[in-house]
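Visitor: The structure that follows is given in the form of structure tokens.
The values are calculated or read from the model by the stated rules, or taken from the named source; none is laboratory data. Here the structure is a predicted model, which means the values were calculated and not measured. Every residue, glycine as well, gets a Cβ built from its backbone with ideal geometry; the counts of neighbours run over all protein chains shown. Side chains included, ligands, DNA and RNA excluded: accessible areas come from the protein's heavy atoms. Shrake-Rupley method; radii C 1.70, N 1.55, O 1.52, S 1.80 Å.
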Amino acid sequence: NANSIGLVSGTSGRQIHALFDTVSLNAGDSLTDSVDFTTPDSVSSGSDDFKFGVFDNLGRTSASELGQNTSYSSSSPNTDYNGLFGYFAEIDVESSDPTSDLDIRESNPSTTGRLLSTNSGFTSLGSGPDVGYAITANTDNTETLSFTRTLADELEITLDFLGNSLTRVDDSPQSLDFGMLGFGSSSNAFGTSNSAGDPDNGIDITNVTVDYTPVPEPGTLALGLLGGLTILARRR
């Protein structure tokens, strides 16, 4: 679509992924990923979901691996998706439900060859309380998933959506390398059509950001402080 990527999922589940330069988190580093999306003419009133994940691509970036349109289905899984360690945020897609909540899941890693179209191969780090948010038709939304490696070598993961926030800690992450985003929608979550150009065929992804914030090296920090002291001395 013009100025957006359409995730067409009106009557069947869909997944798309994107690669970025692998980031290795050192103690204190953080990685913040966000996606803006616009809902179609209708939104599910049942227990469907939208998933937003960040994964270690394991160096599978060639045109014969994850660097291409990597298709799969429940009957024809794709082994390129096997073994990808990472996390995904799961939001309930409910147009009006007091039990809607947020969840963060960790890959075991998954060996289903399907990644985000199934929860098999993922362990929940814990759902949030029932907050009862509502995702409405024809609205703009932003979902943010951030990771911070603590000084104790744990990984703090925070999900923000519609004014709600959920934080979970993985005290023994299997990998601290990340280089792939994934988006997945279950069937009938957004819209009622799979036809191209139909205003009710899924969500439009309008903006995706990957923001890596490293902690300065001790030597660099010391040099910066020294420069500041020099300026103060000159002013005095």
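Visitor: Among the residues in the stretch 47-58, are any open to solvent by 20 Å² or more (accessible area, probe 1.4 Å) and out of contact with any strand residue (DSSP E or B) (no Cβ under 9 Å at 6 or more places or on another chain)?
Guide: There is no residue in the stretch 47-58 that is open to solvent by 20 Å² or more (accessible area, probe 1.4 Å) and out of contact with any strand residue (DSSP E or B) (no Cβ under 9 Å at 6 or more places or on another chain).
Visitor: While we're on this one: Within the stretch 138-149, which residues are surrounded by 15 or more Cβ atoms within 10 Å (Cβ to Cβ) and either over 29 Å from PRO214 (Cβ atoms) or of a type outside the set (A, V, I, L, M) (or both)?
Guide: Residues satisfying the conditions are ASN141, GLU143, THR144, SER146, PHE147, THR148, ARG149.
Visitor: In the stretch 102-137, which residues are in a strand (DSSP E or B), open to solvent by less than 60 Å² (accessible area, probe 1.4 Å) and of a type outside the set (A, V, I, L, M)?
Guide: Of everything in the stretch 102-137, those that are in a strand (DSSP E or B), open to solvent by less than 60 Å² (accessible area, probe 1.4 Å) and of a type outside the set (A, V, I, L, M) turn out to be ASP103, ARG105, GLU106, SER107, PHE122, SER124, GLY126, SER127.
Visitor: Could you list, in sequence order, the residues of the stretch 28-57 that are aliphatic (A, V, I, L, M) and modelled with pLDDT under 95?
Guide: VAL43
Visitor: Let me ask something else about it. Output the residues belonging to the stretch 144-164 that are of a type outside the set (Ser, Thr, Tyr), part of a strand (DSSP E or B) and in contact (Cβ under 8 Å) with a residue 60 or more places away in the chain.
Guide: LEU145, PHE147, ARG149, LEU155, ILE157, LEU159, PHE161, ASN164
Visitor: Please enumerate the residues belonging to the stretch 165-203 that are open to solvent by 50 Å² or more (accessible area, probe 1.4 Å), in contact with a strand residue (DSSP E or B) (Cβ under 6 Å, 6 or more places away or on another chain) and not in a loop (DSSP other than H, G, I, E, B).
Guide: THR167, ARG168, VAL169, ASP177
Visitor: Is it true that some residue in the stretch 11-33 is of a type outside the set (A, V, I, L, M, F, W, C), open to solvent by 30 Å² or more (accessible area, probe 1.4 Å) and under 17 Å from ASN138 (Cα atoms)?
Guide: The answer is no, given that none of the residues of the stretch 11-33 is of a type outside the set (A, V, I, L, M, F, W, C), open to solvent by 30 Å² or more (accessible area, probe 1.4 Å) and under 17 Å from ASN138 (Cα atoms).
Visitor: Something else now. Going through SER124, SER73, SER96 one at a time, which residue ends up being within 24 Å of SER195 (Cβ to Cβ) and either at pLDDT 90 or above or not hydrophobic (A, V, I, L, M, F, W, C) (or both)?
Guide: It is SER73.
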